[in-house]
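S.K.: Once you've had a glance at the structure underneath, I'll fire off some questions.
The values are calculated or read from the model by the stated rules, or taken from the named source; none is laboratory data. Treat the numbers as computed from the prediction; the structure is a model and nothing was measured. Glycine also receives a Cβ, built like all others from the backbone with ideal geometry; neighbour counts cover every protein chain displayed. Calculation scope for accessible area: heavy atoms of the full protein, side chains included, ligands and nucleic acids excluded. Shrake-Rupley method; radii C 1.70, N 1.55, O 1.52, S 1.80 Å.
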Amino acid sequence: MISLPAALDARMQRETELTFFEYMVLSVLSEEPARTLQMSDLAARTSASLSRLSHVVGRLEKRGLLVRARITGPGRRTNATLTDAGFDEVVAAAPGHVAAVREYLMDELEPHELATLRRIGAAVDAAIKRGKPDPVSGTSGTGSS
């Protein structure tokens, strides 16, 4: 599983002008009704730090694939919005990404193995979510309250 993201990234870069992470950012935005998310929500949805996301979003913004806009009110909140060019880019890249996932993973597994992988993924995801620190208190989600 460690080599899969690197293989997907290498293939994405060979076939498009995007990295795998850039594709994920654009893809997440493309699935939103207004193609817009607050940067902190986008970071959470892509499992990235705000710092990493800001750097990548800056590059995508320079290419005209998304725009950032400050949210009025208290705090330093910013929305990222996918542009039409960004939407076209992610739509063009999606078939190659799906083909790569099928080739590297899905087509190599039997139906019962896919069901097992689904259960393993759900268990790992639940364990990660239980252990994530609460952003307000800084404590993990495990233990008694």
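S.K.: Take residue 13 and tell me if it is under 17 Å from the mean Cα position of the chain (by Cα) and farther than 30 Å from residue 120 by Cβ.
M.R.: It is false that residue 13 is under 17 Å from the mean Cα position of the chain (by Cα) and farther than 30 Å from residue 120 by Cβ.
S.K.: In addition: Considering only residues that are among the acidic types (Asp, Glu) and surrounded by fewer than 17 Cβ atoms within 10 Å (Cβ to Cβ), which ones fall in the range 62-91?
M.R.: Those that are among the acidic types (Asp, Glu) and surrounded by fewer than 17 Cβ atoms within 10 Å (Cβ to Cβ): 84, 88.
S.K.: Next up: Determine whether residue 121 is without any contact (Cβ under 8 Å) to a residue 60 or more places away in the chain and not in a helix (DSSP H, G or I).
M.R.: Values: without any contact (Cβ under 8 Å) to a residue 60 or more places away in the chain: yes; not in a helix (DSSP H, G or I): no.
Taking the combined requirement at face value, the residue does not satisfy it.
S.K.: Then there is this: Which one of these does residue 39 not meet: (1) farther than 13 Å from residue 26 by Cα; (2) open to solvent by less than 80 Å² (accessible area, probe 1.4 Å)?
M.R.: The number of the failed condition is (1).
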